[in-house]
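The values are calculated or read from the model by the stated rules, or taken from the named source; none is laboratory data. All values reported here derive from a predicted model rather than from experimental measurement. Here the Cβ is made from the backbone with ideal geometry for all residues, glycine too, and neighbour counts use every protein chain on show.
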Amino acid sequence: MKTPDSPKAAPAPAKKNVYLIKIDAPITPVVSEYIIKSIDKASKEAAEAVIIQLDTPGGLVDSMREIVKKMMSADIPVVVYVAPEGARAASAGVFITMAANIAVMAPATHIGAAHPVTMEGKMDKTMEAKVVNDLAAMARGIAEKRGKNAKWAEEAVRKSVSITETEALKERVIDLIAPDIPSLLKAIDGKTVELVLGKKTLRTKGAQVQEIEMGFRFRLLEIISNPNIAYILMILGFYGLYFELSNPGAIFPGVAGAICLILAFYALPTLPINYAGLMLIILGIGLFIAEAFITSHGVLGIGGTIAMLFGSIMLIDSSSPALQISWAVIIPAVAMSALLFIITVSVAIKVYREKADTGKEGLIGMQAEAKTDIHADGQVFMRGEYWSAWSDEPISRGDKVTVLAVEGLMLKVKKIS
């Protein structure tokens, strides 16, 4: 029996929250913004830690720098978990993994090949050497700060070396190997990490894991930032404007084309664009549009096809396959543009060769019937009307004639043999 003076039972400690972010994509400005805002959210809600589950082929240096800066200055522990099995942390993923307070990999994963990919695409040898030296120093600095293998980090940048999870653990590139999230939480429980505000001991055993979903906005931006999608949107946008200019007042092609172009030009700045390639594509589409209004006998259309092909090849200037436009997209796009050009030219040639069916020109070549004898003058019946006519040779009444010329209101005719 409890008395008023009996001590109250201590309340059970609240379960800690650990936030989970899943990245399975190249490192782009969209991914960078998502990770940064997720870390801010976890910090604001006093989470025990935030886990970035990473599977990336790499990405852009500028986006990677933003993520690393946020991780290094975060006031909560950031754990990077290269998972699931078969995942990789390549290129920019190496920097992100090593910048974590605790770096973990799942079995059958690998890390490495941290050669730089910039927003400017390919560089000359001098500029490339500068960028490589800069990133090598950055990798070495991150590794030393986090107590990792600085020599390997530099070689990952300079020599693009890659290693498996067991080799990474042996080489002090990562801290742990864990098959899943629960085992990871159990393994890091009690570990002490250094944050900007001081040291913190993790209490993650049995913690509640809350995934921060990417959300509709980030999902949409991630989709349109895909080089293939951005390229398709741009081409569709130009087609929409082409059909609107070819058929003024259609409205829908112009509206749809404008929307596609706006989305495309939002996405393109997030990619390593070669602006010479972009200008060639714009030139190519411009030549197609000009072909619809100017009779060039196909010269403009051929030029447009060539410009578009080379522009498409040059558009994304990156050594990373994840940031390149697929040939399976380029070839159909250029082929459709060429087909559109062929159809346009064919119709133009057909219209040009067809005889006019109105006015004086429309009468030439038509057949009529002589209603009187015809020589210096006479009459023929054509199109339900009587016409005055003359001929260089005598024509008898009832003969079939063909119109050779129209002179005022009189027809020059010839007897049909």
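Yes/no per residue for (1) acidic (Asp, Glu); (2) buried (at least 18 other Cβ atoms within 10 Å of the Cβ); (3) under 19 Å from Val78 (Cα atoms):
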| residue | (1), (2), (3) |
| --- | --- |
| Val132 | no, no, no |
| Glu144 | yes, no, yes |
| Lys148 | no, yes, yes |
| Arg158 | no, no, no |
| Ser162 | no, no, no |
| Glu167 | yes, no, no |
| Lys170 | no, no, no |
Q) Tally time: how many residues in the range 50-77 are at positive phi and not in a loop (DSSP other than H, G, I, E, B)? A) 1
Q. So, in the range 224-257, of the ones that are among the small types (Gly, Ala, Ser) and in contact with a helix residue (DSSP H, G or I) (Cβ under 7 Å, 6 or more places away or on another chain), which residue ends up nearest to Leu60 (Cα to Cα)?
A. Ser225
Q.
If I filter the range 19-26 for residues that are in contact with a helix residue (DSSP H, G or I) (Cβ under 7 Å, 6 or more places away or on another chain) and modelled with pLDDT under 95, do I get at least one hit?
A. yes
Q | Single residue of Gly249, Gly240 found to be small (Gly, Ala, Ser), in a helix (DSSP H, G or I) and assigned by TED's automatic domain parsing to the domain that holds Gly301 | A | Gly240
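Let's see how each residue does on (1) free of Cβ contacts under 8 Å to residues at least 24 places away in the same chain; (2) in contact with a strand residue (DSSP E or B) (Cβ under 8 Å, 6 or more places away or on another chain); (3) closer than 30 Å to Ser326 by Cα:
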| position | (1), (2), (3) |
| --- | --- |
| Glu167 | yes, no, no |
| Ala178 | no, yes, no |
| Ala187 | no, yes, no |
| Asn228 | no, no, yes |
| Leu236 | no, no, yes |
| Tyr242 | no, no, yes |
Q) Given the conditions (1) assigned by TED's automatic domain parsing to the domain that holds Lys37; (2) in contact (Cβ under 8 Å) with a residue 60 or more places away in the chain; (3) in a helix (DSSP H, G or I); (4) not β-branched (Val, Ile, Thr), which single one is not true for Leu221? A) (1)
Q: Kindly indicate whether Val50 is at pLDDT 95 or above and either among the β-branched types (Val, Ile, Thr) or assigned by TED's automatic domain parsing to the domain that holds Pro29 (or both).
A: yes
Q. Any residue at all in the range 241-248 that is over 21 Å from Gly286 (Cα atoms) and of a type in the set (Gly, Ala, Ser)?
A. no
Q) Would you pick out the residues in the range 96-113 that are in contact (Cβ under 8 Å) with a residue 60 or more places away in the chain and either surrounded by fewer than 24 Cβ atoms within 10 Å (Cβ to Cβ) or outside any strand (DSSP E or B) (or both)? A) Ile96, Thr97, Met98, Asn101, Ile102, Ala106, Pro107
Q: Taking the options Ala290, Ala250, Ala258, name whichever one is more than 30 Å from Ser38 (Cα to Cα) and either of a type in the set (Lys, Arg) or modelled with pLDDT of 90 or more (or both).
A: Ala258
Q) Residues Ile343, Ile289, Ile306: which one is touching a Phe, Trp or Tyr at 6+ places or on another chain (Cβ under 8 Å), of a type in the set (Val, Ile, Thr) and in a helix (DSSP H, G or I)? A) Ile289
Q.
in contact (Cβ under 8 Å) with a residue 40 or more places away in the chain and farther than 19 Å from Pro57 by Cβ: is that true of Arg146 in this structure?
A. yes
(Q) I'd like the residue in the range 265-277 that is among the hydrophobic types (A, V, I, L, M, F, W, C) and either in contact with a Gly (Cβ under 6 Å, 6 or more places away or on another chain) or surrounded by fewer than 18 Cβ atoms within 10 Å (Cβ to Cβ) (or both) and, out of all such residues, is farthest from Pro29 (Cα to Cα). (A) Ala276
Q) In the range 205-218, which residue that is touching a residue at least 60 places away in the same chain (Cβ under 8 Å) and not in a helix (DSSP H, G or I) is nearest to Phe265 (Cα to Cα)? A) Met214
